[in-house]
1. So which of A54, A79 is under 15 Å from F107 (Cβ atoms), modelled with pLDDT of 95 or more and of a type in the set (G, A, S)?
2. Does the range 138-149 include one or more residues that are under 18 Å from R65 (Cα atoms), touching a residue at least 24 places away in the same chain (Cβ under 8 Å) and surrounded by 13 or more Cβ atoms within 10 Å (Cβ to Cβ)?
3. What's the total number of residues in the range 24-39 that are part of a helix (DSSP H, G or I) and over 16 Å from G90 (Cβ atoms)?
4. Restricted to the range 60-90, and to residues that are in a helix (DSSP H, G or I) and more than 17 Å from the chain's Cα centre (by Cα), which residue is surrounded by the fewest Cβ atoms within 10 Å (Cβ to Cβ)?
5. Among R126, R105, R121, which is of a type in the set (D, E, K, R) and surrounded by 15 or more Cβ atoms within 10 Å (Cβ to Cβ)?
6. Suppose we keep only residues that are closer than 17 Å to K152 by Cα and hydrophobic (A, V, I, L, M, F, W, C) within the range 4-38. Which one would you say is surrounded by the most Cβ atoms within 10 Å (Cβ to Cβ)?
7. Given the residues N112, N57, which is the only one that is part of a helix (DSSP H, G or I), of a type in the set (S, T, N, Q) and either under 16 Å from L6 (Cβ atoms) or touching a Cys at 6+ places or on another chain (Cβ under 6 Å) (or both)?
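The values are calculated or read from the model by the stated rules, or taken from the named source; none is laboratory data. All figures in this text were calculated on a predicted structure; none of them were measured in a lab. All Cβ positions, glycine included, derive from the backbone under ideal geometry; neighbour counts span all protein chains shown.
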Amino acid sequence: MNKQQLLKNLDKAWQHLEESYNGLTESQMAQSGVTAEWSVKDILAHITTWEEEALKNLPMIIEDRRPPRYKDLYGGLDAFNALMTEKKRGFSLSDIMKQMESTHRQFIAYINSAPEEMFTRETRFRHRLRLDTYSHYPIHVKAIQEWRERSK
């Protein structure tokens, strides 16, 4: 896989994410129960958080440094996710959407600027990129789609 193929995969997964919530009202976006107590709005904030984490951690990986472990900083991934969800829960849907769009633009710009050698073989960079983004989005797309089916 090269950078362009990865960007194509990333874009396709992002489009599926956008399609999953397209047409929902603000009220529907705020309803809990999509994934446990999370709403679609919470899920979008969560996805943005992980793109923010990628923007913070991928440069460290390029420099051959190890990002801090979530277990050490927060008590694990679940604790980190809960903390970040609670932190963003009070944001308006409009603010969440603006933050999501801005972060995603920054993320794509960063990927475009990253060295090509990070993409040509399985690297820690590519592994982290995949986990935080294009293999992460489909998990939440599926949850939103299933919730939409249950809500009919």
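1. Residue meeting the stated conditions: A54.
2. Our first condition is that a residue be under 18 Å from R65 (Cα atoms); within the range 138-149, this holds for none.
Within the range 138-149 (the criterion being under 18 Å from R65 (Cα atoms), touching a residue at least 24 places away in the same chain (Cβ under 8 Å) and surrounded by 13 or more Cβ atoms within 10 Å (Cβ to Cβ)), the answer is no, since none of the residues qualifies.
3. Residues meeting the conditions: 2.
4. Among them, the one singled out is D72.
5. Testing whether each residue is of a type in the set (D, E, K, R) and surrounded by 15 or more Cβ atoms within 10 Å (Cβ to Cβ) leaves just R126.
6. V34
7. Being part of a helix (DSSP H, G or I), of a type in the set (S, T, N, Q) and either under 16 Å from L6 (Cβ atoms) or touching a Cys at 6+ places or on another chain (Cβ under 6 Å) (or both) holds for just one of N112, N57, which is N112.
Each row is one residue, and each column tells you yes or no for (1) under 22 Å from A13 (Cβ atoms); (2) at pLDDT 95 or above.
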| site | (1), (2) |
| --- | --- |
| T49 | yes, yes |
| L58 | yes, yes |
| R69 | no, no |
| F91 | no, yes |
| E101 | yes, yes |
| F107 | yes, yes |
| F119 | yes, no |
| H140 | yes, yes |
